[in-house]
Each structure stands twice: as structure tokens, then as C-alpha cells.
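Below is one structure, written out as C-alpha cells; comments come after it.
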Amino acid sequence: MTTQSLRGKVVFVAGGAKNLGGLISRTVARHGARVAVHYNSDSTEAAAKETVAACEQVGGEAFALQADLTKVPEIRRVFDTVVDRYGSLYASVNTAGLAIGHVMTDVTEEEFDRHFAINAKGAFFVMAEAAKRMEDHGKIITFVSSLLAAYTGRYSVYAGSKAPVEHFTRALSKELFDRHISVNNIAPGPMDTPFFWNAAAPGEADFSKSMSNTGDLTKIEDIAPWVEFLLTGGSFANGQTLFVNGGFSTR
Ligand SMILES: NC(=O)c1ccc[n+]([C@@H]2O[C@H](COP(=O)([O-])OP(=O)(O)OC[C@H]3O[C@@H](n4cnc5c(N)ncnc54)[C@H](OP(=O)(O)O)[C@@H]3O)[C@@H](O)[C@H]2O)c1
């Protein structure tokens, strides 16, 4: 296995301001990476600024940029900005996503479209636009969900809109063989962030904890090392979805 240093490498982190994405930004910055910290909502701008400062404090370079990644021109603008600023692109790590926990008969057309817009369409075009600008031996990682290996109600529109990403990842990874770019997904278990708590049903957290070998929810700290590994040495994993969830679900 060859090891790749991240010093000076350019890493784009979609949703990189807070929660899982925030930790990933700080983690790659600690390796000396140059980090493009993406955020979406105005309410996340302050977190993005804090994450940029934290990245600089641990030895990386960073800047924040806002975009709604459901819009292809915005995705193109974001990657053009990153390449204009830093001159290259080594990795794209996409943590952007939305979830609701509604039974299928309650899901509205607007909710369906909103979830597919970011979880499927946004993921597709972030991967594609990253690939167009990425250096050889680069890395593309997209976050999906351990629900892709679960048998459950309430998450039809969430898990259903993440599921196509596995096919995007298979196809793109194969298409990029000659450029040695590895393309993978990471599927965390139910993870202790507001994203989980906003969608969870009463009692769901206790059930989820009972399904993991830690007796706890997935923590962002359980996941970031897998990103670190894929970016620095794990390029023989390609086209895969890595279920990182303490055994919550398997496939
Ligand atoms: N927490 C869990 O239980 C869990 C479990 C498995 C997988 N995951 C996945 O892990 C990833 C990170 O989740 P997290 O728990 O760290 O929650 P999070 O911080 O809420 O991450 C979701 C991110 O998606 C961004 N986003 C939403 N709509 C967007 C849009 N239209 N354009 C661009 N960005 C948009 C949000 O940005 P703004 O807030 O700025 O709008 C936010 O940064 C997600 O993809 C999620 O599906 C989470």
C-alpha cells in the first residue's frame, strides 16, 4: 500500500463546516491539507468561519464557500473557485444530505423532491464535477447511510434518495480506472448529531444503541478516521460502500 501525504493537498469538504463535515475539515487540515470548507445555509456561516480558523490553527490552510449543491451551476462555481484559488483538487468529500423520518403515506411531493435534489442529484453532480477537475490518484468520497443495509420503515425517502449513490459510485470508479482516482461511499450508523435527532422517532436512539457493539450511537469521531485512511492510503478500496456502524447493519 502506498501512503499519500496530505500536506499541501487540496480537499473540498461539502457540508464541511459542522458536525461530521466539520471534523473531517479539521482532520485533513491537521495533515497540512488546504481545505475548501463548504456550507449551505446562512445559519451555518458562523460555523464555517470557526472551522476555517480551527483548520488554520492546526496547520492547514482553509477558506469557506457557500453554495446550494442541488444546483449544477452552483456546483461548477464551487469547484472552479477551489481550483482557481488553490490550483488543483486532490479530494472531494461530500457530507451534504437531508433526512426525514416520515411514514411513506405522509411524505409530500415537496419533501420527496427536496431529498432527491441533494441526496441523489447533488451527490451525482458533485462527483462528476469533482472528477472533471481532479488530479490523477485523487479521491472521491460520498456519505450515504447504514440504512442502505437495514429493513425498516420511516426512512423511505431518506434511504431511497441515498441508494442511487451506490450506482453512481460504481460507475464513476470504473470510468476513472485509467486516472487511478478511487471513488467510494461511507455509510455511518445512526450518528449522534442533530441530523439524527431531528428525524428519529421516540425510542429510536435506544434501539439504535442496542444494535451497535459499543452500546452507543455512531460518533463523528468513529467516522473521520475512515476518511483519513481513504485519503492517505486506502486507494485499493474502489467502488465500495463502507459500512462503519459498530455492527448496526450489515450486507
Ligand atoms: N447523523 C446521522 O445519523 C447520519 C447517519 C448516516 C449517515 N449520515 C450522513 O452523514 C452526512 C453528514 O451528516 P451530519 O450528521 O454531520 O449532519 P449535518 O451536519 O446536518 O450534515 C448535512 C449537511 O448537508 C448540508 N446540506 C443540506 N442541504 C444542502 C444543500 N441544498 N446544498 C448543500 N449542502 C446542503 C447541510 O448544510 P446546512 O446545514 O448549511 O444547510 C449540512 O452541512 C449526511 O450526508 C448524512 O446523510 C448521517
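The values are calculated or read from the model by the stated rules, or taken from the named source; none is laboratory data. These figures come from a predicted structure and were not determined experimentally. Here the Cβ positions follow ideal geometry from the backbone for every residue, glycine too, while neighbour counts run over all protein chains shown. Side chains are part of the model used for accessible areas, which takes the heavy atoms of the whole protein and leaves out ligands, DNA and RNA. Shrake-Rupley method; radii C 1.70, N 1.55, O 1.52, S 1.80 Å.
List of remarks:
- In this entry, I181 passes the filter for residues that are over 16 Å from the mean Cα position of the chain (by Cα), modelled with pLDDT of 95 or more and buried (at least 19 other Cβ atoms within 10 Å of the Cβ).
- Tabulated pairs, the range 133-150, first within 17 Å of A171 (Cα to Cα), second near the ligand (Cβ under 7 Å from one of its atoms), C-beta under 6 angstrom, 6+ apart or interchain: F143/T95; V144/K162; V144/A187
- Hey, F196 assigned to a helix (DSSP H, G or I), open to solvent by less than 30 Å² (accessible area, probe 1.4 Å) and hydrophobic (A, V, I, L, M, F, W, C) or not: yes
- Members of the range 199-225 that are closer than 20 Å to S5 by Cα and surrounded by 18 or more Cβ atoms within 10 Å (Cβ to Cβ): I223, A224
- Complete set of residues in the range 163-218 that are of a type in the set (D, E) and either touching a Pro at 6+ places or on another chain (Cβ under 6 Å) or within 14 Å of the ligand (Cβ to nearest atom) (or both): E166, D192, E204, D216
- With respect to the stated conditions, L69 fails to be open to solvent by less than 10 Å² (accessible area, probe 1.4 Å) and more than 16 Å from the ligand (Cβ to nearest atom).
- Hits in the range 135-149 - residues which are among the aliphatic types (A, V, I, L, M) and either open to solvent by 10 Å² or more (accessible area, probe 1.4 Å) or part of a strand (DSSP E or B) (or both): I140, I141, L147, L148, A149
- Residues satisfying the stated conditions in the range 81-115, i.e. outside any loop (DSSP other than H, G, I, E, B) and open to solvent by less than 60 Å² (accessible area, probe 1.4 Å): T81, V82, V83, Y86, A91, S92, V93, N94, E111, H115
- Applying the criterion of being in a helix (DSSP H, G or I) and of a type in the set (F, W, Y) to the residues of the range 226-246, the residue that is surrounded by the most Cβ atoms within 10 Å (Cβ to Cβ) is W226.
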